[in-house]
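The block underneath contains the structure these notes are about, expressed in structure tokens.
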Amino acid sequence: MKVKTIINILIIAIISLNLTACEDNKSSNNTKEKEIKFTPSLPMPDVKEEYINKYFKLSQLSNAKKDPVPAMKIGYAYSEKLHDYEKALEWYKYADSMIALGENSYFACYALQKLKRYDEAISWCKKAIDLKW
């Protein structure tokens, strides 16, 4: 009876160690993915404090310093929620200065069309197409 109990405890301990090791591996993989950062070649556009947490989150603003996707989302908020296409374009250009993304180029094209700057819009639309967006 005692041997059976000891074997059960050992099996539970081994299973627990395996699960713990798997968890550590998963968390280290997630950390590696989050470490990818981009350096913008343009300065980050200014934002009005009153827009934070109303049109975009403070965390997006913080992440936009090194990641083009949150920067693009802030631009989208300026475009679609505030209809400030000039400011949206600043954010799209800022995001593009980190890395060119098709979605970002498409939104920049759209903002430029709204601003009736068609010649400039064409180049951004072509860029979006080249990036398979």
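Observations, loosely collected:
- Listed pairs K48/K81; K66/K126; K65/K132; K57/K116; K93/K114; K57/K114 exceeding 18 Å between Cα atoms: K66/K126; K65/K132; K57/K116; K57/K114
- Figure legend: label point modelled 7 angstrom from the Cα of D46 along Cα→Cβ; residues of segment 69-108 with amide N under 16 Å from it are 86-88, 90-91.
- From most to least packed by mean Cβ count within 10 Å, the peptides 83-93, 120-130 give 83-93, 120-130.
- Simple spin-label estimate for H83 and K66 gives 3.8 nm between the two label positions (7 Å along the Cα-to-Cβ direction from each Cα).
Values in this text are rule-based calculations from the coordinates and carry no lab data. Computed from a predicted structure; not experimentally measured. All Cβ positions, glycine included, derive from the backbone under ideal geometry; neighbour counts span all protein chains shown.
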